[in-house]
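As C-alpha cells, the structure follows; a few thoughts come after it.
The values are calculated or read from the model by the stated rules, or taken from the named source; none is laboratory data. The structure displayed is predicted, hence computed values, not measured ones. Cβ coordinates were reconstructed from backbone atoms using ideal geometry, including for glycine residues, and neighbour counts include every protein chain displayed.
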Amino acid sequence: MNPKVLILMGSDSDWEAMSEAKKALDEMGISCEVHVSSAHRTPERTGLLAREATGRGIEVIICGAGAAAHLAGVVAAETELPVLGVPLATTDLRGLDALLATAQMPGGVPVGTLGIGKAGARNAGLLAARILGRADGAIAAKVREQRERMVREVEAKDAALQVRLAGPEKK
C-alpha cells in the first residue's frame, strides 16, 4: 500500500512524541512514511521530500519540530498539500517557542497547527485521517469507529465514577 501521509521530524529525538501520529494512523489503517529532515541542517533534503511527496502518493504531511520550529513552514512553502505542524517541547520554553513559530506563519503559507507534544502528534494523525476520510469511505468509517470508541470509554469512566461516588452504603 502506498503511503498517504508523510511524517517529518527535525531530529530523531522527536520520535518519542511523533510516534503518536504514526500510532493514530496505524489505528486507522493508513500507511505513512517517516523521515528525519531538518529545515535548518538539511534544507535541500527537506524541500525535496516536500516537493516530491505528491508524486509518491502522499496526501497530507505532518511535521514535528521544536525550538524555532520552521520545519512545517519550510515544507508548506514547498508543496500544495495540507501541512500539519506539531510543536515539540525541546527547549526551556517547553514548546511555547515552537507553538508560536508554527502558528504564526506569514499569509499565504498555511500550516495547520496542533497542540504541543504527544497529544498534538496524536491529534495530527487523527486530523490527517479526517482529511483523507473526506474522499475515502473506508477511512471515514474508521474515523467514526474511533469517535464511537471514545464515547464508550467516557461513558464507562463516568459509570465507574458514579459507583465510587455512591459509596459502599448505596451499592
Which residue is surrounded by the most Cβ atoms within 10 Å (Cβ to Cβ), if the candidates are limited to the stretch 12-41 and must be without any contact (Cβ under 8 Å) to a residue 60 or more places away in the chain and of a type in the set (S, T, N, Q)?
S37
Could you say whether any residue in the stretch 26-44 is of a type in the set (D, E, K, R), assigned to a helix (DSSP H, G or I), more than 17 Å from the chain's Cα centre (by Cα) and closer than 20 Å to A135 by Cβ?
no
Matching entry among G125, G57, G112, G85 (being at pLDDT 95 or above and more than 16 Å from the chain's Cα centre (by Cα)):
G57
Within the stretch 114-145, the residues that are loosely packed, with under 15 Cβ neighbours inside 10 Å and assigned to a helix (DSSP H, G or I) are A119, G137, A138, A141, R144, E145
If the requirement is being of a type in the set (V, I, T), in a loop (DSSP other than H, G, I, E, B) and in contact with a strand residue (DSSP E or B) (Cβ under 6 Å, 6 or more places away or on another chain), which of these qualifies: I58, I7, I62?
I58
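Regarding E44, is this residue under 27 Å from E27 (Cα atoms), at pLDDT 95 or above and either touching a Pro at 6+ places or on another chain (Cβ under 6 Å) or surrounded by fewer than 18 Cβ atoms within 10 Å (Cβ to Cβ) (or both)?
Taking the combined requirement at face value, the residue does not satisfy it.
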